[in-house]
1. Of the conditions (1) charged (D, E, K, R); (2) within 27 Å of Leu109 (Cα to Cα); (3) open to solvent by 70 Å² or more (accessible area, probe 1.4 Å), Arg179 fails just one. Which one is it?
2. Looking at Leu62, is it closer than 20 Å to Val108 by Cα, surrounded by 18 or more Cβ atoms within 10 Å (Cβ to Cβ), at pLDDT 95 or above and under 17 Å from the mean Cα position of the chain (by Cα)?
3. For a quick check of your reading: which helices (runs of 4 or more DSSP H) sit entirely within the range 77-187 and have at least 2 residues that are touching a Lys or Arg at 6+ places or on another chain (Cβ under 8 Å) and of a type outside the set (Lys, Arg)?
4. Return the total of residues in the range 117-140 being open to solvent by less than 20 Å² (accessible area, probe 1.4 Å) and at pLDDT 85 or above.
5. Which of the residues belonging to the range 182-217 are at pLDDT 90 or above and either open to solvent by 70 Å² or more (accessible area, probe 1.4 Å) or over 12 Å from Leu100 (Cβ atoms) (or both)?
6. Which members of the range 93-122 meet the condition of being among the hydroxyl-bearing types (Ser, Thr, Tyr) and under 13 Å from the mean Cα position of the chain (by Cα)?
7. I'd like the full set of residues that are touching a Gly at 6+ places or on another chain (Cβ under 7 Å), more than 21 Å from Tyr186 (Cβ to Cβ) and not aliphatic (A, V, I, L, M), limited to the range 53-105.
8. Determine whether the range 152-159 contains at least one residue that is among the hydroxyl-bearing types (Ser, Thr, Tyr) and touching a Ser or Thr at 6+ places or on another chain (Cβ under 9 Å).
Amino acid sequence: MSPRSASVNEELRRRSRERLLQATVELVAERGYEATKLADIAERAGSARGLISYYFPGKRQLLQSAVHRLMHRTLAAALEREPCTRDGRERMARAIDAILGLTVDRPVLMRTHMAGVLQTEGFVQCPEQQRLAGLLRETVRRYGSADPDSDYPMLRALLMGAVFAALMPGAPMPLSRLRAELFDRYHLDWELGVPPGVRPPGGTSRGIVLQWPEPPK
């Protein structure tokens, strides 16, 4: 049997990494971070335990990469769903709703992710994070920013702050208020994106209806 080509090996490694990331998202959402062991992740992914150490320094970095992948996939689906649009304001609204929607759809996962970002290891600059960053930067550019490199970090900070505020134990802020503040910051009409009570046509979340109250008057 002839040895596999470099391209085939690369594809196999990509698929293996993807399975580990997907298994991490599933298990942490089901069991929480502490109860999820690396051996459980490897078993769910159908991979050898040693592969996790090959791809990731530790469980915290694995989780960040997994959540960044989820955020990237959710955001990409929201931006490209039908009806497709090039309108920068609509795309900005979809981006905001996609990330806020994850706080409704995946609260345990997102709360765990935000807690991890504040740990000593800090923010992980992984391939998944870079793809997410590229998509957010392109969203800012299409919105009309004259300096996407400066405006993208602000959008990222605002979204992270909104997720943190929505999921803060004991004192969560209403998502409707957070959405209203973000929409006001970017001069977006409330009807853009996926307004509360409307089922996403595809991709913004897993098909749930975001039952948020109307924005404050």
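1. Result: Arg179 passes all but (3).
2. no
3. Helices (runs of 4 or more DSSP H) meeting the threshold: 88-105, 127-143, 148-167.
4. 8
5. Residues satisfying the conditions are Asp184, Arg185, Tyr186, His187, Leu188, Asp189, Trp190, Glu191, Leu192.
6. Hits for the range 93-122 are Thr103, Thr112.
7. Arg60, Gln64, Glu82, listed by residue number.
8. Checked against the condition, which is being among the hydroxyl-bearing types (Ser, Thr, Tyr) and touching a Ser or Thr at 6+ places or on another chain (Cβ under 9 Å), the range 152-159 yields at least one hit.
The values are calculated or read from the model by the stated rules, or taken from the named source; none is laboratory data. Bear in mind the structure is a predicted one, so any value in this text is a computation, not a measurement. With ideal geometry, Cβ positions are generated from the backbone for all residues, glycine too; neighbour counts draw on all protein chains shown. SASA here: full protein model, heavy atoms, side chains in, ligands and nucleic acids out. Shrake-Rupley method; radii C 1.70, N 1.55, O 1.52, S 1.80 Å.
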